Ligand SMILES: Cc1ncc(COP(=O)(O)O)c(C=O)c1O
């Protein structure tokens with residue numbers, strides 16, 4: 001039974017957790033190379049890509065940094081979409097790496113739209129990179145990535161598109177090649193349901209070509225260095241071998257379930273949580289039509305004490321998440337990603353109902 005309804009880290013299946021207990025291997029060994037090769041090849045399906053997948057011993061933020069370090073040439077700029085905390089974070093990652101960045105903004109809860117990117121790209125001709133978060137974990141908004149990428153291509157086809165799908169990939173559809181994306185990354189501890197500490201990024205050929213024109217890419221997240229070693233089925237620095245054992249097992253589990261079935265399971269759980277929230281007098285934070293499949297952000301219109309609610313859930317062995325940053329107390333988040341099944345959601349909602357039944361509604365009288 002699932003107990004973590006927070007948007008990462010999430011519950012890990014017992015066989016995936018156990019896979020980590022296998023004996024270590026030297027990473028410069030044929031056994032490791034075979035393991036790594038198998039993971040890299042199968043991971044491409046998650047991204048719907050024919051390109052390569054880098055597997056890093058880091059969390060997803062490492063690849064936020066890799067994107068800004070590798071894909072923007074000196075004197076050129078990046079354009080980042082911000083409609084929540086993680087777009088905001090990515091902007092900071094760019095700025096703290098000395099990359100000139102402009103912002104396309106939408107109010108939190110609203111999606112970023114292709115038209116806004118098109119207008120920004122028409123206004124300047126010195127952009128190298130568009131950066132956009134697929135699934136804004138803070139607001140529960142799924143940004144329309146296919147639309148945004150098409151808008152970028154229509155105005156400036158040479159501009160690369162990098163997508164943070166840290167909390168989306170494996171739970172919500174994202175088709176890298178068909179949608180024309182150049183870099184897509186995710187973290188293990190979200191919809192892929194791995195323990196934290198591993199991140200995956202798919203990178204297009206033209207993104208690697210661009211990196212060749214960037215002199216100071218750093219070392220650890222240098223995409224060209226990662227590629228050189230990937231071609232030998234390895235990594236430049238020591239990989240997280242236990243987590244790669246876990247990934248190997250989990251890729252089989254994910255592909256056996258099937259990506260289409262997995263997307264349908266996540267969408268059904270999202271719909272159920274949304275329906276429950278509205279039926280109980282809450283509002284949904286994310287705009288209709290753009291609601292996340294992996295996490296629902298609920299506006300706390302009933303004035304529930306979320307710390308108290310979570311304390312109640314913890315007694316039953318479960319947890320949900322408070323609102324993120326400025327949304328703390330004003331919203332709460334129910335994640336439905338990874339290993340969570342509809343039965344788990346029904347169980348959680350029944351316990352939430354039990355809590356609400358003991359509450360007096362603190363909304364001001366109409
Ligand atoms: C959309 C998004 N981007 C980036 C991050 C940062 O990922 P990590 O903690 O794996 O570095 C998160 C974490 O929650 C996220 O939800």
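What to note about this one:
- For region 35-152, convex hull volume per residue from C-alpha positions, Å³: 118
- Annotation: peptides 261-269, 189-197, ranked by per-residue average of other Cβ atoms within 10 Å with the highest first, follow the order 189-197, 261-269.
- Cα pair distances exceeding 19 angstrom across region 130-194, given as percent: 27
- Across all C-alpha atoms in region 170-316, the radius of gyration and Dmax reach 19.9, 56 Å.
- Choice from 114, 38, 170 with maximal GNM fluctuation in the chain (Cα, 10 Å cutoff): 38
- For the chain, the mean residue ellipticity at 222 nm estimated from helices alone is -12500 deg cm²/dmol, where every DSSP H run of n ≥ 4 contributes -39500 (n - 2.57) and the total is divided by all residues, rounded to the nearest 500.
- In degrees, nearest ten, helix 259-279 long axis to first principal axis of the chain (Cα): 30
- Geometric descriptor of region 102-250, per residue, is 126 Å³ (volume of the convex hull of the Cα atoms).
- By the beta-carbon count within 10 Å of each Cβ, the least crowded to most crowded order of 227, 142, 288, fewest first, is 288, 227, 142.
- The modelled label-to-label distance between residue 92 and residue 283, using points 7 Å beyond Cα along the C-beta direction, is 2.8 nm.
- Mean silhouette area of the chain, derived from the convex hull of its C-alpha atoms and averaged over all directions, reads 18.2 nm².
- Angle between the chain longest axis and helix 241-257 axis [Cα atoms, degrees, rounded to 10]: 70
- Cα-only Debye scattering, region 262-326: base-10 log of I(q)/I(0) at q = 0.11, 0.18, 0.30 Å⁻¹: -0.28, -0.75, -1.32
- Packing-based order for 215-224, 23-32, 67-76, using average beta carbon neighbours within 10 Å, highest first: 67-76, 215-224, 23-32
- Sorting the segments 104-111, 313-320, 249-256 by their mean number of nearby beta carbons within 10 angstrom, highest to lowest, gives 104-111, 249-256, 313-320.
- Counting DSSP beta bridges with both ends in region 43-150, the antiparallel % (nearest 5): 15
- Cα-based helix-to-principal-axis angle, 61-70 vs the chain, degrees rounded to 10: 30
- Note: relative contact order over the chain, using C-alpha pairs below 8 Å and six or more positions apart, is 24 percent.
Each reported figure results from applying straightforward, stated rules to the coordinates on display, with no laboratory input. The structure presented is a predicted model; accordingly, all values stated were derived computationally and were not measured. Here Cβ is always computed from backbone atoms with ideal geometry, including for glycine, and neighbour counts include all displayed protein chains.
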